[in-house]
Structures are given as structure tokens and as C-alpha cells.
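Working notes, beginning with the structure itself.
The values are calculated or read from the model by the stated rules, or taken from the named source; none is laboratory data. The model shown is predicted, which means the values in this text are computed figures rather than measured ones. As a convention, Cβ positions derive from the backbone with ideal geometry for all residues, glycine included, and neighbour counts pool all protein chains shown. Quick note on the areas: whole protein, heavy atoms, side chains included, nothing else; ligands and nucleic acids left out. Shrake-Rupley method; radii C 1.70, N 1.55, O 1.52, S 1.80 Å.
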Amino acid sequence: GIGTDGIEAFLASAGGVACGLEDLIRSTQEKLSSLCHSMEKTGLEVEAIMEYGIASLTIMDVIAARNVDLVVIGTKGYQGLERGLFGSTAETVLRKADCPVITVGPHVRELTVEQQKTSPAVFATDFNAASSQVIRNAISLCEQIGAPLHCLDVLPQSMAETGKGKIVPLILTEALQHMVNECGPFFENHPVYALTYGNEIP
């Protein structure tokens, strides 16, 4: 979505500034066209859509209207005051969409096709109620791109220093394996089960 309904009203009342909006629309259409053209060269079928309104709400409307299966959305990584002022479109879509949402941060590295096939996808879980659906999505994605899957759980650092630090990892590793097995036969690359310790889970 480009801007909000209020932007158009503001530009209209600013007298002659509306041409700035026209330039923005033209520039956006050109960028979308260029992006579609470069993606079509890879053999993908691409459709460009440009809508107006509050970005997160408009994206949600498009998801519902087109019965979207997967959303990939970039994030700017706003923190503190910036986050409060501008909000987070990606976070709103992530929390409200009824389909899987992949967010791509501002510091993501670009991978070649070969790197994508060897770089693992990480399924991080604390075994919450949504985990079984999330693991199915992770497995499906890995099957599509041929990437290995690493299943990860993060335990409190204090647990590493107690007697429980030896038995709990075994139990949780078995729980991870059970969760994957419930999804049915796995693809060629068997998942890696990993546990680590840390107080800052992200």
C-alpha cells in the first residue's frame, strides 16, 4: 500500500503538491514493472498489484481476497521512538494473517541458489500450541527449496549448570523427533535436532 487515505487529503489541500503523489505513483509502477520483468526471466509467473490505504490493513485485505498461501514481507528494523511513530507493518501482518508469514530483515544476506540448498532452515520452538502447524510449514518449505531442517529449542542458561542439564536435553530431543514424526514421512534430508542454552532467546 502507498501511504494512507490521509496523505491524499493532505496533498489535495496543499495546493499543487498532488503532482508529488503522481510522481510517487509513477515511480512505484515503474519499479514494480522492472521487478516483475526481472522475476519473469527466472521463469516465475508474476502479477503486480498496487493498492492504496494503511499498509498493514490493505495487505490483510489482499491476503483475504486472494486466498494467499504464503506472505513474504520485508522489515525495516525500527526500534524505540521510530517503531512507535511508524508502527510495524510486518509485525501486524505476522500477528493477524491466517497464512504463514516470512519476514526478511534489513540485514539479511543474499544467498545463491546453491547456498539455499545447503543452508538450513531453522524451526525454533518452545513446544507451544502452534508448534505442530509451524513444523508442518517448515517441512513443506524445506521440501520445496531442498534445504535441510534444523529443529531448535533454547533452554534457560541455569539449566546447563544443574543435574537436569543432562536428562532434559534428551527428553526434549525426543520431543522434537516425535513432533516431526507426527507430520508423516520426512523428505531425504533428515532434520537435525539441536538444543542450546541462553537467557536471551532471540
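Tell me whether region 143-157 contains one or more residues that are open to solvent by 40 Å² or more (accessible area, probe 1.4 Å), in contact with a Leu (Cβ under 9 Å, 6 or more places away or on another chain) and free of Cβ contacts under 8 Å to residues at least 40 places away in the same chain.
Checked against the condition, which is being open to solvent by 40 Å² or more (accessible area, probe 1.4 Å), in contact with a Leu (Cβ under 9 Å, 6 or more places away or on another chain) and free of Cβ contacts under 8 Å to residues at least 40 places away in the same chain, region 143-157 yields no hits at all.
Test of understanding: among LYS31, LYS76, LYS117, LYS41, which residue is out of contact with any His (no Cβ under 7 Å at 6 or more places or on another chain), open to solvent by 60 Å² or more (accessible area, probe 1.4 Å) and closer than 30 Å to PRO169 by Cα?
From the options LYS31, LYS76, LYS117, LYS41, the qualifying one is LYS117.
Across region 105-114, what is the number of residues that are open to solvent by less than 90 Å² (accessible area, probe 1.4 Å) and either under 16 Å from the mean Cα position of the chain (by Cα) or among the aliphatic types (A, V, I, L, M) (or both)?
3
Just for region 120-139: of the residues that are at pLDDT 85 or above and of a type in the set (Gly, Ala, Ser), which one is most open to solvent (accessible area, probe 1.4 Å)?
Out of the qualifying residues, it is ALA124.
Scan region 79-104 for residues that are within 16 Å of LEU57 (Cβ to Cβ), modelled with pLDDT under 70 and open to solvent by 60 Å² or more (accessible area, probe 1.4 Å) and report the count.
So the count comes out to 1.
If I filter region 119-130 for residues that are among the hydroxyl-bearing types (Ser, Thr, Tyr) and either in contact (Cβ under 8 Å) with a residue 60 or more places away in the chain or in contact with a Cys (Cβ under 9 Å, 6 or more places away or on another chain) (or both), do I get at least one hit?
Yes; the residues of region 119-130 include at least one that is among the hydroxyl-bearing types (Ser, Thr, Tyr) and either in contact (Cβ under 8 Å) with a residue 60 or more places away in the chain or in contact with a Cys (Cβ under 9 Å, 6 or more places away or on another chain) (or both).
From (1) modelled with pLDDT of 90 or more; (2) of a type outside the set (A, V, I, L, M, F, W, C); (3) open to solvent by 60 Å² or more (accessible area, probe 1.4 Å), pick out the condition that doesn't hold for THR58.
The failed condition is (3).
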